[in-house]
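See below for the structure under consideration.
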Amino acid sequence: MREDRPPPTPSRGGAYSPPPPDQVLENVLEHVLQFLTFRRDRNAAALVCRSWHRAEALTRLELFIGNCYAVAPRRAMERFRRATAVTIKGKPRFADFNLMPPDWGANFTPWVTFMAQCYRALEKLCLKRMFVTDEDLELLASFPSFRELVLICCDGFGTSGLAVVASKCRKLRVLDLIEDEVTDDEIDWISCFPEGETCLESLIFDCVECPIYFEALERLVARSPSLKKLKLNRYVSIVQLYRLMIRAPQLTHLGTGSFSPSEIVAQGDQEPDYSSAFDACRSLVCLSGFREIVPDYLPAIYPVCANLTSLNFSYANISAEQLRSVIRYCHKLQIFWVLDTVCDAGLQAVAATCKDLRELRVFPIDAREDSEAPVSDVGLLAISEGCRKLQSILYFCQRMTNAAVIAMSENCPELVVFRLCIMGRHLPDHVTREPMDEGFGAIVKNCKKLTRLATSGLLTDRAFSYIGQYGKLVRTLSVAFAGDSDTGLKYVLEGCPRLQKLEIRDSPFGDSALRTGLHRYYNMRFLWMSSCRLTRRGCKEIAQQMPHLVVEMINGEEEEVKDDYVDTLYMYRSLDGPRADAPSFVTIL
Amino acid sequence: MEGCSKLLDLIPKDREWLLRRDKQRSHGCSEEKNLELRLGPPGGGGDEDIGSGEREDSMLSLGYFSNNNTCGAKRGFKDTVGLPAMAKESSQPCCNKVVDPSEKKKAFSPASADTAVLNSSQKKTAPASVVGWPPIRSFRKNLASSSSFKQALESQNAVPSKVSGEKPVESCQKGFFVKINMDGVPIGRKVDLAAYDSYEKLSIAVDELFRDLLAAQRDTSAGVIQNKQKGERAITGLLDGNGEYTLVYEDNEGDRVLVGDVPWHMFVSTVKRLRVLKSSELHSLCLESKQEKIPLHADYK
């Protein structure tokens, strides 16, 4: 990194002399560049010339590291010395589904250690799929201006780390724990927030599977007047929820916790008027939780439905009828997550009311490949007809037809994310018995804004020819149990000009296909291929031809690879060579 | 499109066609007369190919066309709070299917066909279920019985082995809470039946659950709950009819049954909720202990 910026010209002999023209230009540039916020714009600006590169580096406040192993902490932080907000992503997404052994890496420690020297003014941190220890959190908590911590799909820490953050970060405004694995160290971390008014704006801990001391939480909420987002874990009962809500009617985002009574049910006791608590929350726009819902309590949320833009029922085992009773009021809904227990009929009700829907996720209550999913092509078709503004969909089902997918491609031209998961492997169109090629082909053809695609069902190489040919903006592609031969992968690697993230599992793609991507691996964030037909030799070839590519072979078990086939290939570009913290089951070629 | 047509060949369009193809591939012409015999009603004969063909068909229809049971399960769930019994019901047919899902896969790659493609991609996925598929994060699994959530999470945290495949976590076995109410005690409790394996243990647990509550109820003069030394009597004889109270349960059909009559595992699979009733009230219904069901009375709580 060439950081040899000429020192500012000292004034001579007391008289004021204007800075040299170069310097003026750089000052102006810095002032102008600070208005650039989009990463892509900043990256483009940095490529103009050396002085622009310098100026941009000094004015970048938000540092985004898409792959923690693509660059060493030192290099990143020395270039962007003034960043106050950092986002780092670690493990690849397939690690979420146990496809990667634990202890693979993505350790936050080397980053925070360097931050402790270079980034003491750090204010915001967002980590995704990183391994974060309690000690790391303790170190973070010592940064004097630190105020925002967002951890998504992370693990490695426990409630003791949270306790330190709570007690030492005096300026903490945001503590968002989203889908993390938090160990229960039996510490009442909620009580560790200091006494007196807090500046908390967001407290999200619905993923924390540890009981909390409710009275401490109640007091905390009572002394947090700025609190806008509160998402409780399932250890908070509906009665406790009530008590919190009446103390925080200013909430805009609420995660309701269990939404059921606690174990000790006093039969004859008067229950609070839950619906009045909801009624008092005039600003509520985002509702989630319902972890152990007793549907009888659903009507309590009616008063807020008309204002909701986001509703997450993905833990709520409710029927079509129960959903209908709620959704009919939700005219403004844009984001909706739900369980497939609502059946196609429930989705039809959504389609009838939620004309503004942008994002839909339908999760299976029984996530096994031979379960009987109650949603099907019927539900998908209904959604496509009712929700024309749809941008993002994740849909788990067992029965799907090309016709429904084609209809969605035609009815919803705004689609940016299309993720269809037909849970049974290799399942064809359940009506015509044909592969799902035409359906996915229509999606890439008709949805011109598509950037993310996940495929499923029976797919031949033809599907991939469509994707390669028409997927002009596709950045992320997920493939599982699909394709016939190397040709399929070749179509994708030779097409899809914007491809960044490619994750493939259990598909018959081999070394020859891998070779066809040589011209583009430096421009991709990563390639993941597990249980395909790659050999060690094939992967080694790639590693030899591309020195800046880190080619990791990950073995599921620590035994000799039997037939030279690679279990898992994970490869990514890196500016700083292979990582030093690879565990024994990872071989870097 | 070679690969495509091969795949289509495997997908049975109707039973007859499948049988004929199977026949042609695996047997010679001399088997013609066997074929004729088999084109009759289903279920006949010991010919394995035919049998498997029929099974494949029926497996297909089970998988794709049958009415789902989950609607029934929802009805049950609505009735009782956090009660996994109904979920168990719905999971039972699922459990059965889990037993041999490889049968279903035969529909797409029968032994007689030569599709290198499918064989290779399924090479490592022969076991019943595959690691990480469907792609759902572990905390979203087992939602059918929400009270088993924590236990399911803990089991998922164990290191999965790719060779053996991720075993489907059966919600029927983890953490099974049923409500239990006692005559004269307004506060109900919940018991985790998965924690016990016999009626004796359950009886002891019930005693421990309600002993102090009962004592508190009896002691009307003191406003404070007595400590354990005073006023507490063990609740005994729950199972043999000799005690002051008797343990009774409601099963999945809504009937009330004396606890202890059926084998433990059968009890666990049908129980919906438990009640501890005054034995004196039971006698007024003229009960015999063996397998007799108490009809629901309106004036019964």
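Bear in mind that the values in this text are calculations on the coordinates, not laboratory data. All of these numbers come straight from a predicted model, not from anything done at the bench. With ideal geometry, Cβ positions are generated from the backbone for all residues, glycine too; neighbour counts draw on all protein chains shown.
Highest mean packing first, where packing is the average number of other Cβ atoms within 10 Å per residue, the peptides A:33-42, A:320-329 line up as A:320-329, A:33-42.
For B:Glu244, the residues whose modelled amide H falls within less than 5 Å of its own, excluding neighbours fewer than 5 places apart on the same chain, are B:Thr236. Using the average count of surrounding beta-carbon atoms within 10 Å as a protection proxy, the listed peptides A:71-84, A:270-283 rank, highest first, as A:71-84, A:270-283. Applying 1/(1 + (r/R0)^6) with r as the Cβ-Cβ distance of A:His331 and A:Val48 and R0 = 51 angstrom yields a FRET efficiency of 0.60. Each peptide among A:170-179, A:489-498 gets the average number of other Cβ atoms lying within 10 Å of its residues, and from highest to lowest they stand as A:489-498, A:170-179. Projecting the Cα atoms of A:Leu125, A:Ala46, A:Val164 onto the dipole axis of region A:37-187, where Lys and Arg carry +1 and Asp and Glu carry -1 at the beta carbon, places A:Ala46 farthest toward the positive end. Restricting the calculation to Cα atoms, chain A shows an Rg/Rh of 0.99 when the hydrodynamic-style radius is the Kirkwood one. Given +1 at the Cβ of Lys and Arg, -1 at the Cβ of Asp and Glu and no other charges, the dipole of region A:37-187 around its Cα centre is 1320 debye to the nearest 20.
Rounded, prolate or oblate: which fits region A:476-589 when a ≥ b ≥ c are the square roots of the eigenvalues of the alpha-carbon gyration tensor, with rounded for a/c under 1.5 and prolate only if a/b beats b/c? Oblate is the answer for region A:476-589, as a/c is 1.5 or above yet b/c matches or exceeds a/b. Under the simplified labelling scheme, the A:Leu61-A:Ser226 pair shows an inter-label distance of 1.5 nm, with each label point 7 Å from Cα along Cα→Cβ. Using the Cβ-Cβ distance between A:Gln23 and A:Lys540 with R0 = 51 Å, the FRET efficiency computed as 1/(1 + (r/R0)^6) comes to roughly 0.50. Here region A:37-187 has an Rg and Dmax of 15.9, 55 Å, counting Cα atoms alone.
Residues whose amide H comes within less than 5 Å of that of A:Ala480, counting only those at least five positions distant or on another chain, are A:Thr455, A:Arg505 (H built at 1.01 Å from N in the peptide plane). Residue farthest toward the positive end of the dipole of region A:37-187, with Cβ of Lys/Arg at +1 and Asp/Glu at -1: which of A:Cys153, A:Pro92, A:Phe143? Farthest towards the positive end: A:Phe143. With all pairs of separate Cα atoms included, region A:103-145 yields a Kirkwood hydrodynamic radius of 10.7 Å. Extension gain for A:His548 to A:Tyr302 (0.36 nm times residue separation, less C-alpha to C-alpha distance): 82.9 nm. Taking the Cα centre of region A:121-264 as reference, the dipole from Cβ charges on Lys and Arg (+1) and Asp and Glu (-1) amounts to some 840 debye.
Sorted from greatest to least, the principal axis extents spanned by the alpha carbons of region A:298-393 come out as 38, 29, 18 Å. Once the C-beta distance of A:Asp356 and A:Gln469 is scaled by a Förster radius of 35 Å, the resulting FRET efficiency is 0.60 to the nearest 0.05.
Per-residue shielding of A:425-436, expressed as the average number of other chain Cβ atoms within 10 Å of the residue Cβ, stands at 4.
Mean per-residue shielding of peptide A:356-367 is 4, counting Cβ atoms of other chains within 10 Å of each Cβ.
What the phi angles of region A:524-538 give under the Karplus curve with 6.51, -1.76 and 1.60, with θ = phi - 60°, is a coupling list of 10, 6, 6, 10, 10, 9, 10, 6, 9, 10, 8, 10, 4, 5, x Hz, glycine and proline written as x. Counting Cβ atoms of other protein chains within 10 Å of each residue's Cβ and taking the mean over peptide A:368-381 gives 5.
For chain A, a crude dipole built from +1 on the beta carbon of Lys and Arg and -1 on the beta carbon of Asp and Glu, taken about the Cα centre, is about 3020 debye to the nearest 20.
Taken over region A:415-472, the percentage of Cα pairs per 5 Å bin, counting from 0 up to the bin with the maximum distance, is 5, 21, 31, 24, 15, 5, 0. Across chain A, Cα pairs under 8 Å and at least six residues apart give a relative contact order of 6 percent.
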